[in-house]
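Structure, as structure tokens:
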Amino acid sequence: MSGIAGILYPSRTDELRSRVDAMTRSVAHRGPDHQAIWIRDEGHVALGYTLLATTPEAEYENQPLRVLSDRVSITADLRIDNRDSLIRSLRLGDEADKNLTDPYLLAQSYLRWGSNCVDYIVGDYAFAIWDGRNNRLFCARDPMGVKPFYYSKSSTSFAFASETRSLLTLPSVSNRVNRRHVFAFLSGNYGRRDETYFDGLKRLEPGHRMRVSRDLSVSTERYWKPAHSVDRLDHGDDRLYEEEFKEVLEKAVCSSLRSNSRVGVRLSGGLDSSAIASLMANRIDGSPSSIHSFSQVYPSLPEDKRRLADESQYIDAVLEKYQFTSHLSDASELSPLYRLEEIVKIWGQPFNITGQCYSFEVLEEARRHGIKALLDGSEGDAVVGYGYDLFTKLARQNDWEEFAEIASRYSKNCREGGRTYPPEQAFWDHAFDTILGYLRRGDVKKFYRSTTRASKALDIPYHLIFKRAMYWLWPDGWRKKIDAIQGDDLSVVPPERLRKLEIRTEPKSISDGSPLTRRAQYLQKSRMLTEALESTDPIFAAHHTEARHPLYDRRVIEYCLSLPAEQRFRGGWTRSIMRRGLRSELPGKIKHRLGKGYVGVAISHNLRRFETDRLENLVLDDILRPFVDRETVVGLLKHFRRSDQSNFVHTGS
């Protein structure tokens, strides 16, 4: 992990040094091991850098890096995970040579492939390269946006940095609030992916590259397009799929273990974190006890809530098999607003409170034990996929008998695991939109045929399907009136404001195209994933720790996208490829787990327990008056105080 900053002017500027120096100092907390700036002789472009050395090679870094007498100058928050293959492709010699630092490999890649260098690099990165020959900046961000990149463009300058606070040191950058983004946040949605909470600041979207000419003209394009470059696999042999999946995930985990300090893992007890931890144990040099695991448990929650939120039994299953050095944090006694002021100061922007206070605790503990690299499986299910698109596929094929059989197996597995998921729920969750589409396109015959067969196979009353279809075909105004009568139309932000600002709820999935295309489009466009990564990054940085996400490895993502739905959903088990591919590594209790812990249960309980007065002060603060419907907010707060949110519906795992 590092901090980067830079600024470009069309012509020489006397204040260049003082401004890039201020920008770099503002991200000094991201890199305690080294800090430097570089200024072009002409005095119009400058780069800044701060280093947190988390790999053996990083100890030899000297950024901003200049190659071939300023032909290329680089500042990069970068970790390359395919070093060996890249070194071979570049014919640079000994792969073990620590002088071949990651920034140097990036420089050589750019010199050889130009802006296409990002097609050859696997890893997490946000970087800027000043190309002295072509007089332009080239910038890029990794496919999932693990590393942040913000920028500001005015008529007189272009500037970029790892954090917004760095850009706000510039006199040309306004701290005026982006009201559209705030409205989106308060309504439970997400703003545009390229926008931030400040009017004058943008973000370079994940999987994008940017060119900035000396005259400040900017061009941006997506370079990572897996929907166009990944082909669906068709091996016909389950064992081959399993071997390939294990190999590619093992390679990603092994790459993430490259460290100059102890490594740790955030072990939630879920399938993703357990898979990463299990593969770490098999690839680490020495005993698994050298791996530190960090987990949250909820031993003192009321029983009905502890049963939903606490994952101790699954954490214990992993620890029993691998004997990690375990650190358990009792989160049942922790307010979700614990150390809120510190987190706000670090991030400087609004954020979703889910889990942030727990991250703070984990990172402090990791730092006490000298850990700079912490592997994480958060949101990995978006990559591997549950396989629910198999239901969609069967619905499109009108094969409702097979649909019902698979749904029944899944329901049985859920029931044996203590979860409730009736077979007909699979229809509403994963097939209803398909047959509704027939009606929207005017194909009444196909709608009738599919509805009749689905009703019979899944024992769903035909009139119920028809009634719900009519609801979604009615004009928006009619639906809103129905919702108002039922009390389902409560919105913190007045709906007319959301419509005026064209703020829409982010879809949970993409409905058009092939299954591969839909899943690829979701990963490319998910604002939720981007926000989750960006809001945790500064908290990790403040604790001098790098988050590593093996499941966001480009090789893993592209392999998982290529899998047929039948490999992800098999025998009534979602995410079957991970369960089968790691059958020897995963503890039995993890392999046969369906569902996940609902941390929201603990958060809701502890908000009521510790923070009701503070919540009232927050929601009634005059600063929110221009953004929210106060009467609705007060009503929702009263409802929250009275309600018991322990009845969560299983949504799968």
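The values are calculated or read from the model by the stated rules, or taken from the named source; none is laboratory data. Quick caveat: nothing in here was measured; it's all calculated off a predicted structure. No Cβ is skipped: glycine too gets one built from the backbone with ideal geometry, and neighbour counts run over all protein chains shown. The protein model used for the area step is the full one, side chains on, heavy atoms only, and it has no ligands, DNA or RNA in it. Shrake-Rupley method; radii C 1.70, N 1.55, O 1.52, S 1.80 Å.
Structure values in brief
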item: Pairwise label distance in nanometres, Tyr462 with Glu333, each label 7 Å out on the Cα-Cβ vector; result: 6.2
item: Net lengthening on full extension, Ser69/Val177 (0.36 nm per residue, minus Cα-Cα); result: 34.7 nm
item: For region 564-650, fraction of C-alpha pairs farther apart than 14 Å, in %; result: 74
item: Using distinct alpha-carbon pairs, which all enter the 1/r mean, Kirkwood radius of region 365-478 in Å; result: 16.5
item: Loop-exposed GluC sites (Glu not before Pro) per DSSP, neighbour cap 15 Cβ within 10 angstrom, longest uninterrupted part of the chain; result: 96-501
item: Among the listed pairs Lys251/Lys591; Lys202/Lys525; Lys393/Lys446; Lys321/Lys591; Lys372/Lys589; Lys225/Lys525, those beyond 19 Å (Cα-Cα); result: Lys251/Lys591; Lys372/Lys589
item: Over 37 Å [Cα-Cα, the chain], rounded percent; result: 40
item: Distance in nm between pseudo-label sites at Arg91 and His34 (7 Å out along the Cβ direction from Cα); result: 2.8
item: Charge dipole magnitude, Cβ of K and R +1, D and E -1 - region 521-653, Cα centre, debye nearest 20; result: 940
item: Region 252-315 - percent of accessible surface contributed by carbon and sulfur, probe 1.4 Å; result: 44
item: Solvent-accessible area per residue for the chain (1.4 angstrom probe, square angstrom); result: 43
item: Segment Asp621-Arg642, length gained on full extension (0.36 nm per residue, minus Cα span); result: 5.4 nm
item: Distance histogram for region 544-600 (every C-alpha pair counted, 5 angstrom bins, percent rounded to whole numbers); result: 4, 15, 19, 21, 22, 13, 5, 2, 0
item: Whole-Å semi-axes of region 183-328's equivalent ellipsoid (Cα gyration tensor); result: 37, 26, 19
item: For the chain, calculated [θ]222 nm from helices alone, where every DSSP H run of n ≥ 4 adds -39500 (n - 2.57); result: -13000 deg cm²/dmol
item: Binned Cα-Cα distances of region 1-116, short to long, each 10 Å bin given as a whole percent; result: 14, 42, 33, 11, 1
item: Between region 557-588 and region 415-460, the Cα center-to-center distance that results, in Å; result: 25
item: Region 302-347 - Rg (one decimal) and Dmax (whole number), Cα, Å; result: 14.7, 40
